[in-house]
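A short worksheet on the structure shown next.
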Amino acid sequence: MLPKIIAVKKAELINNGTIYIPKSFALPYYPSRSTAGPGAGKPGIVLGFNGTRVKLSIVRDEKSTFSLVRNTNLNKDDAEIKRCVQGKSYQILKNGELFLDEVSLEPTLMHAPNQAFINITDNCIFDCSFCVTPDLDKKGKKCSLERWIDLILAHANNSKLEAVAITSGVAESPHKTVLDMVKIIKAVREKLPAMPIGVEPYVTSKKDVELLHKAGATEIKINLETPSRDIFTKVCPEMDYDGIHDALEFAVPIFGRNKVCTNLILGLGESDDEVVRAVEDLAKDGIVATLRALRLNKYNIPKLTVALGFTPEQVPPERMLRLAKKQKEILNRNNLSTVEFKTMCHRCKCCDIVPQQDI
């Protein structure tokens, strides 16, 4: 668990979502270019500090709140030689003042540190108001299942590879997407028999849950998206809330405890009480929630405003921390642990305040 001040600073960074890096700044690693998740559509970097991480989108506006600079405590020549690749070679400034010292820039294997975390397709037949993935420029983004398998297995001998994770839009049907995941899982499992594999499908069918587990998936995330059924019908009108919930409950005895999770997005108009009740109900069933602060951008603000009837705002850091603390208490009471997850978001820690790890 992090010192409280570090958790507060991580929450501030998540709330802001961006960091200024001048074009002349030579990064030691290529930026991550995600097509799913909070930073989808923008180049981003993963910054490590005090045992946690945050992933921020890169911006070029020097008036931005947060900026990345070389660590001024290092010898200049030493820093130039290493190009900030080794050690905690960076600092984060907030409005020009030191905010975090001893920050490292962590490479992503595929989307996440130490994970081959892939998004099979950007296309989706659903149009959830918060999701930007279907709106992104798809030029050059199409990739066959065979190509995805090759890209993952290219890291088979990489000592940094600790897990494989698979998410996807729903290009044709939920079942077809599950079959695509199954093909990738089987191919990876054949070459990497002991590798943890996490999957993040949209499923409402118990049969599909069983197919994924039988293929070799070890963890599963099925997203309820919000603790409020009313909000769900507004932002995901074509999806089945009850079906998702049933699939989650069914997955626990199949995959096991501390292997089933679900995203609950904060900032769509839900109350703290609704979040806490949902986290409690899920935990009683052996399901661990990922509390994810809504990331707003030019793609989803107009859609959310229409769907919700108001324009949402970024989630305050204080709320992230308050709810993460409540969730920690609930998980402890139910003998659940975010630490035991081997794949996906609880392992990555880049986009959320993770109870039992960050707070």
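The table below lists the values:
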{"read-out": "Sequence-distant residues sharing a close amide H with K221 (under 5 Å, placed H)", "value": "V199, E200, C261"}
{"read-out": "Per-selection Kirkwood Rh - segment 212-359 (Cα, Å, 1 d.p.)", "value": "15.7"}
{"read-out": "Under the Karplus curve 6.51 cos²θ - 1.76 cosθ + 1.60, θ = phi - 60°, whole-Hz ³J(HN,Hα) for segment 190-202, x wherever Gly or Pro sits", "value": "4, 8, 10, x, 9, 6, x, 10, x, 10, 10, x, 8"}
{"read-out": "Cut-off under 5 Å, modelled amide H: who pairs with I21 long-range", "value": "V59"}
{"read-out": "Whole-number percent relative contact order across the chain, with pairs defined as alpha carbons under 8 Å at least 6 apart", "value": "17"}
{"read-out": "Relative contact order, percent, segment 255-359 [alpha-carbon distance under 8 Å, six or more residues apart]", "value": "31"}
{"read-out": "From the coordinates shown, mean projected area of the Cα convex hull in nm² corresponds to which of (i) 17.3; (ii) 28.0; (iii) 18.4", "value": "(i)"}
{"read-out": "Distant-in-sequence amide H partners of I118 (H built 1.01 Å from N, under 5 Å)", "value": "A165, I166, T167"}
{"read-out": "In Hz, Karplus ³J(HN,Hα) per residue of segment 324-333 (6.51, -1.76, 1.60; θ = phi - 60°; x = Gly, Pro)", "value": "5, 5, 4, 5, 4, 4, 5, 4, 4, 5"}
{"read-out": "Greater than 28 Å apart at Cα, pairs in K160/K349; K298/K342; K207/K259; K259/K298; K160/K259; K55/K176", "value": "K298/K342; K259/K298; K55/K176"}
{"read-out": "Of K186/K328; K191/K284; K183/K325; K10/K63, pairs whose Cα-Cα distance is over 27 Å", "value": "K186/K328; K191/K284; K183/K325"}
{"read-out": "In Hz, Karplus ³J(HN,Hα) per residue of segment 175-180 (6.51, -1.76, 1.60; θ = phi - 60°; x = Gly, Pro)", "value": "5, 4, 5, 4, 4, 5"}
{"read-out": "Longest DSSP-loop-exposure-free segment, chymotrypsin sites (Phe, Trp or Tyr not before Pro), the chain, at most 14 other Cβ within 10 Å", "value": "127-309"}
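We did not get these values from a lab; they are worked out from the coordinates using the rules stated. Quantities reported herein were computed from a predicted structural model and do not represent experimental measurements. Positions of Cβ are backbone-derived with ideal geometry, glycine not excepted, and every protein chain shown enters the neighbour counts.
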